[in-house]
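Here the structure comes first, spelled out in structure tokens, and everything after it is commentary.
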Amino acid sequence: MIDAIIVTLNVFFFQEIEVGLYSAIAIYLMGKMIDILFEGIYFTKLLLIVSDKNEEIAEKIGEKIKRGTTGLFGKGMYTKEEKLILMCAASRGDIAKIKMIARQIDPKSFIVITNSREVVGLGFKKT
């Protein structure tokens, strides 16, 4: 909120949109640099895949991407159906490949991708 006020005031006082754009870019880059400083450069993503074809998807991810998946039991509160939800931690470079695999096997699959603060274990950061 404060950043938006600063950018708006820059545009207002200097009466040039470029100053505001440069301010916004600088604020964004500083935020990214602070994230890298505190969290490191090894960003990991966590995928949750809801599908009726979980076994096929998990097998293909293991075969093609060399990543393991974990099945979590869940229940759809709208449909009241119990389903197995695949959880997979992966690097940013693997995300598009995993999405493509899931969508090719099951075009109706539901995929949630989120940032993961830290992943420790086989194939990831060592303790």
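Among the numbered criteria (1) among the aromatic types (Phe, Trp, Tyr); (2) in the same structural domain as Arg103 (by TED's automatic domain parsing); (3) farther than 20 Å from Val112 by Cβ, which one does Phe73 miss?
Every condition holds for Phe73 apart from (3).
Can you find a residue that is under 30 Å from Val119 (Cα atoms), free of Cβ contacts under 8 Å to residues at least 40 places away in the same chain and surrounded by 15 or more Cβ atoms within 10 Å (Cβ to Cβ) anywhere in the stretch 29-43?
no
Return the residue satisfying two criteria in turn: it lies in the stretch 71-97 and is of a type in the set (A, V, I, L, M, F, W, C) and in contact with a Leu (Cβ under 6 Å, 6 or more places away or on another chain), and of such residues it is nearest to Thr44 (Cα to Cα).
If we take residues in the stretch 71-97 being of a type in the set (A, V, I, L, M, F, W, C) and in contact with a Leu (Cβ under 6 Å, 6 or more places away or on another chain), then Ala89 is nearest to Thr44 (Cα to Cα).
When residues of the stretch 34-62 are filtered for being assigned to a helix (DSSP H, G or I) and either in contact with a strand residue (DSSP E or B) (Cβ under 7 Å, 6 or more places away or on another chain) or modelled with pLDDT under 85 (or both), how many remain?
Number of matching residues: 10.
Considering only residues of the stretch 1-18 that are at pLDDT below 80 and outside any helix (DSSP H, G or I), which is farthest from the chain's Cα centre (by Cα)?
Glu16
Any idea how many residues of the stretch 90-110 are surrounded by 15 or more Cβ atoms within 10 Å (Cβ to Cβ), polar (S, T, N, Q) and assigned to a helix (DSSP H, G or I)?
Count: 0.
Please specify each residue of the stretch 67-89 satisfying the condition of being β-branched (Val, Ile, Thr), in a loop (DSSP other than H, G, I, E, B) and within 15 Å of Asn54 (Cα to Cα).
Scanning the stretch 67-89 gives a single hit, Thr69.
May I ask you to list pairs of residues, at least six apart or on different chains, whose Cβ atoms are under 6 Å apart, with the first in the stretch 98-115 being assigned by TED's automatic domain parsing to the domain that holds Leu48 and the second being part of a loop (DSSP other than H, G, I, E, B)?
Cβ pairs passing all conditions: Ala102/Ser109; Ile105/Lys53; Asp106/Ser51; Asp106/Lys53; Ser109/Ser51.
For the stretch 47-75, give me each residue that is over 20 Å from the mean Cα position of the chain (by Cα) and without any contact (Cβ under 8 Å) to a residue 12 or more places away in the chain.
Listed by number, the residues that qualify are Glu55, Glu59, Glu63, Lys75.
Consider Thr70 against the criteria (1) modelled with pLDDT under 90; (2) surrounded by fewer than 15 Cβ atoms within 10 Å (Cβ to Cβ); (3) of a type in the set (Ser, Thr, Tyr): it satisfies all of them except one. Which criterion is unmet?
For Thr70, the exception is condition (1).
The values are calculated or read from the model by the stated rules, or taken from the named source; none is laboratory data. Just so it is clear, the model here is predicted, and its values are computed rather than measured. Positions of Cβ are backbone-derived with ideal geometry, glycine not excepted, and every protein chain shown enters the neighbour counts.
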